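Working notes, beginning with the structure itself.
The values are calculated or read from the model by the stated rules, or taken from the named source; none is laboratory data. Note that the coordinates shown come from a computational prediction; the quantities given were computed from them, not determined experimentally. No Cβ is skipped: glycine too gets one built from the backbone with ideal geometry, and neighbour counts run over all protein chains shown.
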Amino acid sequence: MISNLRFRMKRIREKTIEGLIHLFAFGAIFIVLAMLFFLFREGGVIFRVTSWKNFLFGKIWLPTYSPPQFGSLPLLWGSLMVTLGALLWSAPLGIGLAIYVAELASPKIRAILKAFIEVLAGIPSVVFGFFGMVILAPFLQSVFSIPTGLCAFNASIILGLMALPTITSFSEEAISAVPHILKEASFAMGATHWQTIKYVSIPVASGGIFCGVIMGMGRAIGETMAVLMAAGNAPIITLSFFEPIRTLTATIALEMAEAPKGSPHYHALFALGAILFIISMAFNVIADLLQERWKRKLG
Amino acid sequence: MKFLKALKVLALSLPLIPMLLFGSGKVLVLQGSTTVLPIAQRVAEGFMKRHPGVEISVRGGGSGVGIAGLLDGTCDIAMSSREMKPEELQKAKEKGFIPEEIKIALDGIAVVVNPKNPLNGLTISQLREIYTGKITNWKELGWRDEKIVVVSRDSASGTFECFNEIVLKKEPLTPRALYQASNKAVAVTVSNTKGAIGYIGMAYLEPKVKALAVEGVMPSEETVRKGIYPVSRPLFFYVRGEPKGLVKEFIDFVLSPDGQKLVKEVGYIPVK
């Protein structure tokens, strides 16, 4: 009788805990959905004030003038430009680093390098921004004799540094996961180490490497504090990396605090957030698909 | 009977709700300008320390929002970085009160350049031409051939609002301007950029940047207080009619030497 009661108590407890865990899981999903709903609802209101064409393709961002102008193209342009600039140098470097760590480095050097990459990943973005603003900007200014060091080039360097750990660790994981049999077969055929890397390891790991690069892109485009401090924040469309630019994220951070709630400006900032969400969502989906395909290929 | 009893209990407990929400009951609500916000916050802290049991809630939203709140009765004191507009005064009259204006502090905005820049002063119209992009090189102002790097505060800030009104006269800023999120960031940018010009709240002046005279007047506590430095403005509290009770106590505290010391601490110029 007593043991029966104990058993039932235990069952009840287990059921309760199980239920709670379910609740947490669905709670997390619910919160994400609620945030999305809010983001798109608040952002959508802007299209009552301005047409979506003017919003997406307008070239002038002057939200606090009368009449205000909400052209988000310069901001989108700025975001894409610094992301591209960051990847241009951090992707080759990150992949190279990954090959070195996975294939060539001695265990001791590998441990040191991995620790460094982890430290790089752990530095808060405001520290990167500070570095860009106080050290890199005056340096660029004197080296390239440009009017200001707060420019797309500066932001690209900083963002590249921030994307580097992501790219490196994803790529390194992918290269390390290349099955040994493949490499051994290559060696057995008389291929050199470099030939094995070039014709076996990299092609097999390419899906994972691409995935890492895209995750790095997501990291770069979503970064706020560092670009806010390093990019200069002038909302212009330019092809020169030595001009100041403004990103989507920096605009939201700069203006949200003091945009009156419910004003067109406030809704325009939410709409920028929605654009940003769609872009980084796309990056994540692409990275996921690549990883899936790559895993299937290996499996 | 039971139902009536329940209703009675409910009715009696209704006043408890605000008390539960606001603690001990004595609540003062301030709303309005984000420029005045740091003053209000610091002064409110000081006031609450001296008067335990008093709860002060300070909200932003902008001068217009604060004044609207005062008219609707949702706040006790409106913080404003501008004078009330005639239509707002009219509305107040319709609601049956004449708002009382209390000048609590002054705000001066200093125009700063890099210390390497030999210029000592600019006129308002020169400043406007620089900030709207009509003058783009220091050569045009009598220095060497050096591009002007225009640095501004973000267009939503109170500092920008003031500068915009007095200097730009609401003409749009050049799109080439760099935007920085804080006074400090503007100062850092100007201090390490040779050709830069920026503007910051006077409290943020530091030796690493050089303040310019505007219309021949240097920014200082004295010139702002005398009203001869052009890029400055008074900051106000507005209340409903003659201040009474807690509102009066709070305002007396703001204007007292202790309160004005706090005003100075957060970087504004005391009125007394």
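Here is how the numbers come out for the structure above:
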quantity: Residue within the stretch B:214-234 that is within 24 Å of B:Ile56 (Cα to Cα) and either assigned by TED's automatic domain parsing to the domain that holds B:Ser33 or not β-branched (Val, Ile, Thr) (or both) present; calculated: yes
quantity: Extreme residue, surrounded by the most Cβ atoms within 10 Å (Cβ to Cβ), among residues of the stretch B:159-184 that are at the interface with another protein chain (Cβ under 7 Å from one of its Cβ atoms) and of a type in the set (Gly, Ala, Ser); calculated: B:Ala177
quantity: Residue tally, condition away from every other protein chain (no Cβ under 14 Å) and either of a type in the set (Ser, Thr, Tyr) or in a helix (DSSP H, G or I) (or both), over the stretch A:214-247; calculated: 9
quantity: Qualifying residue in the stretch A:122-137 (condition: away from every other protein chain (no Cβ under 14 Å) and more than 17 Å from A:Ala230 (Cα to Cα)); calculated: yes
quantity: Test result for A:Leu150, part of a helix (DSSP H, G or I) and within 14 Å of chain B (Cβ to nearest Cβ); calculated: no
quantity: Single residue of the stretch B:141-158 satisfying the filter (modelled with pLDDT under 90 and crowded, with 20+ Cβ neighbours inside 10 Å) that is farthest from the other protein chains (Cβ to nearest Cβ); calculated: B:Arg153
quantity: Qualifying residue in the stretch B:129-140 (condition: at negative phi, surrounded by 22 or more Cβ atoms within 10 Å (Cβ to Cβ), in contact (Cβ under 8 Å) with a residue 24 or more places away in the chain and not in a helix (DSSP H, G or I)); calculated: no
quantity: Extreme residue, modelled with the highest pLDDT, among residues of the stretch A:58-89 that are closer than 12 Å to A:Leu272 by Cβ and within 9 Å of chain B (Cβ to nearest Cβ); calculated: A:Pro74
quantity: Set A:Trp61, A:Trp89: member being surrounded by 11 or more Cβ atoms within 10 Å (Cβ to Cβ) and in contact with a Lys or Arg (Cβ under 8 Å, 6 or more places away or on another chain); calculated: A:Trp61
quantity: Residues within the stretch A:249-286 that are away from chain B (no Cβ under 14 Å), of a type in the set (A, V, I, L, M, F, W, C) and touching a residue at least 40 places away in the same chain (Cβ under 8 Å), tallied; calculated: 9
quantity: Subset tally (residues that are β-branched (Val, Ile, Thr) and more than 13 Å from the chain's Cα centre (by Cα)) for the stretch B:34-56; calculated: 3
